[in-house]
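Let me begin by presenting the structure, written as structure tokens, before commenting on it.
The values are calculated or read from the model by the stated rules, or taken from the named source; none is laboratory data. Here the structure is a predicted model, which means the values were calculated and not measured. For neighbour counting, all protein chains shown are included, and Cβ atoms are generated from backbone atoms with ideal geometry for every residue, glycine included. These accessible areas exclude ligands, DNA and RNA; they are computed on the full protein's heavy atoms, side chains included. Shrake-Rupley method; radii C 1.70, N 1.55, O 1.52, S 1.80 Å.
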Amino acid sequence: MSPERLRDLARLRRVRDRIDREYARPLDVEALARGAHMSAGHLSREFKAAYGESPYSYLMTRRIERAMALLRRGDLSVTDVCFTVGCQSLGTFSTRFTELVGMPPGAYRRRHRDQVPGQGPLPPCVAKQVTRPVRNREARAVVADVS
């Protein structure tokens, strides 16, 4: 692998780490690209090639994962959770949540309230994996392979 490619991969890892750390802050591809000294288009193409999804999709997945945990706690409203995880629009949040989780955030909250990973029969590391949002396209592909 060329030194340039290794540098790009290190930059992409830093971008991913930044998204993981700062998911609740206003982040956009332009800002992430500036921080990585790349153009937005180059960052998007390279990020998708390395991680299988665009930086924006990765950011929204992180936000939805955190939202799922907050909704399971049950002490915040859906609106509060939306803004806590960094989303600016309740409609966009609800739409993305439904796409990734398969049900609206209010329904998820009602179904999973008080089921905090680590306090039930599953170890926290297993609960985190089980509750991770999966895109509906991917879920259908897995179901089709199993049948």
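Summary table below
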quantity: Ranking by accessible area, most exposed first, for LEU12, LEU76 with a 1.4 Å probe; calculated: LEU76, LEU12
quantity: Accessible-area value, HIS37, 1.4 Å probe, nucleic acids and ligands omitted, Å²; calculated: 150 Å²
quantity: Residue-span extension gain [LEU6 to SER77] - 0.36 nm each, minus C-alpha spacing; calculated: 21.2 nm
quantity: Sequence of VAL78, VAL15 when ordered by accessible area, the most exposed leading, probe 1.4 angstrom; calculated: VAL78, VAL15
quantity: THR84 versus ARG113: modelled label distance in nm, points set 7 Å from Cα along the beta carbon direction; calculated: 1.4 nm
quantity: Net lengthening on full extension, MET103/ALA69 (0.36 nm per residue, minus Cα-Cα); calculated: 10.8 nm
quantity: Computed accessible area, GLU30, all protein chains, 1.4 angstrom probe, square angstrom; calculated: 100 Å²
